[in-house]
1. Given the conditions (1) in a strand (DSSP E or B); (2) at positive phi, which single one is not true for Gly41?
2. Filter the range 1-13 down to the residues that are open to solvent by 20 Å² or more (accessible area, probe 1.4 Å) and among the aliphatic types (A, V, I, L, M), then identify the one that is modelled with the lowest pLDDT.
3. Can you tell me which residues in the range 144-162 are part of a helix (DSSP H, G or I) and out of contact with any Pro (no Cβ under 9 Å at 6 or more places or on another chain)?
4. Which numbered condition in (1) under 14 Å from the mean Cα position of the chain (by Cα); (2) closer than 20 Å to Pro2 by Cβ; (3) without any contact (Cβ under 8 Å) to a residue 40 or more places away in the chain is the only one that Val26 fails?
5. For residues in the range 75-106 being among the acidic types (Asp, Glu) and surrounded by 14 or more Cβ atoms within 10 Å (Cβ to Cβ), which is farthest from Leu27 (Cα to Cα)?
6. Just name the residue that is nearest to Lys122 (Cα to Cα) out of those in the range 56-101 that are part of a strand (DSSP E or B) and among the aliphatic types (A, V, I, L, M).
7. Got a sec? Which of Asn58, Asn70 is of a type in the set (S, T, N, Q), loosely packed, with under 13 Cβ neighbours inside 10 Å and not assigned by TED's automatic domain parsing to the domain that holds Met114?
8. Sort through Asn43, Asn16 and tell me the only one that's open to solvent by 20 Å² or more (accessible area, probe 1.4 Å), more than 12 Å from the chain's Cα centre (by Cα), closer than 18 Å to Ala116 by Cα and outside the structural domain of Met114 (by TED's automatic domain parsing).
Amino acid sequence: MPKQTFILNGKPVTVNVNDDVRVLWVLRDLLGVTGPKYGCGINVCKACTSHLNGKAFNPCSVKVGDLRKNDKVTTIEGLPATVGAKGEDLHPMQEAWLELDVAQCGYCQPGQIMAAVALVKKVRREGRDITEADLDRIRNVCRCGTYVRIREAIEKGARAMR
């Protein structure tokens, strides 16, 4: 069986798995990383949203064989470390989520937060602040319908990420 190597939440990992297995299953079933949720498996619901080299991606739609050994996969579990948080500290976007009591069932929230952080970083690279039009482009599905609080938390989290 082929060996697959990549960087997960700042640490190199190697797994023995076929090239065509989706990254989501490698994360959840082989590496025990359960933050990215399985929702649809076809890149629609975005419950599994994580970061690949700093940009949002959906591990349900990427084959592990497509990752290179220096590719950096960050899941919700590794998000606080991206801002230097230690121990129980949270990323500013996670803190905004808690402060605004966004989650109801919570299933989609890791993917929502990861999409939000990637969006904020993208607009910052473009030298601008997040707009309503940017928020409209987030396509993560929330079955509970907390979209108003999600948008408010993204704006609050973006201000805290400065």
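The values are calculated or read from the model by the stated rules, or taken from the named source; none is laboratory data. Computed from a prediction, not measured in an experiment: that's the story for all the values here. Cβ atoms come from the backbone with ideal geometry, glycine included; neighbour counts cover every protein chain shown. Heavy atoms of the whole protein, side chains included, go into the accessibility calculation; ligands, DNA and RNA do not. Shrake-Rupley method; radii C 1.70, N 1.55, O 1.52, S 1.80 Å.
1. Condition not satisfied by Gly41: (1).
2. Out of the qualifying residues, it is Met1.
3. Selection gives Tyr147, Val148, Arg149, Ile150, Arg151, Glu152, Ala153, Ile154, Glu155.
4. (1)
5. Glu95
6. Step by step, filter the range 56-101, then rank; the result is Ala56.
7. When all the criteria are applied, what remains is Asn70.
8. Answer to the selection: Asn43.
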